[in-house]
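Heads up, the thing below is written out as structure tokens.
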Amino acid sequence: MYTSKIDETRTSQQKLPFEDFMEGFNIPQLSKEEQGHFDQDLIYKELKDSSSSLADNETPQGDGFTKEFYEAFFDLL
């Protein structure tokens, strides 16, 4: 069950099956500037604005906590 299915005799020049599968895909990537934006800390205003943008009784995650929960306990979270 936990053994490798990769052929041990392949050379370093040969592609792995996943590399062959992904070869034709054009996967968009973030630029260095965009990556830097996501590496920054979130600020209080951004968090507060995002929670207030939800509709009533809406859950932002699959955790079941509603907008009203986050508003009531925002300062504690």
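The values are calculated or read from the model by the stated rules, or taken from the named source; none is laboratory data. All of these numbers come straight from a predicted model, not from anything done at the bench. Note that each Cβ is placed from the backbone with ideal geometry, even for glycine, and that neighbours are counted across all protein chains shown.
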Matching residues in region 36-54 - criterion: being exposed (fewer than 10 other Cβ atoms within 10 Å of the Cβ) and either touching a His at 6+ places or on another chain (Cβ under 6 Å) or basic (K, R) (or both): K45
Look at region 55-76 and say how many of its residues are under 23 Å from the mean Cα position of the chain (by Cα) and either surrounded by fewer than 10 Cβ atoms within 10 Å (Cβ to Cβ) or modelled with pLDDT of 80 or more (or both). 10
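Within the group F18, F25, which residue is modelled with pLDDT of 75 or more, loosely packed, with under 10 Cβ neighbours inside 10 Å, aromatic (F, W, Y) and part of a loop (DSSP other than H, G, I, E, B)?
On the way: F18 fails: part of a loop (DSSP other than H, G, I, E, B).
None of the other options fit; the residue is F25.
Which of the residues that make up region 24-77 are of a type in the set (S, T, N, Q) and touching a helix residue (DSSP H, G or I) at 6+ places or on another chain (Cβ under 6 Å)? Lay out the reasoning, then the answer.
Taking region 24-77 and keeping what is of a type in the set (S, T, N, Q), we get 26, 29, 31, 35, 40, 50-53, 57, 59, 61, 66.
Correct list: S51 only.
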State which residue pairs qualify: first residue more than 18 Å from L76 (Cα to Cα) and inside region 29-46, second residue surrounded by fewer than 10 Cβ atoms within 10 Å (Cβ to Cβ) and among the aromatic types (F, W, Y) in any location, beta carbons under 7 Å apart, and separation of 6 or more residues or different chains. none
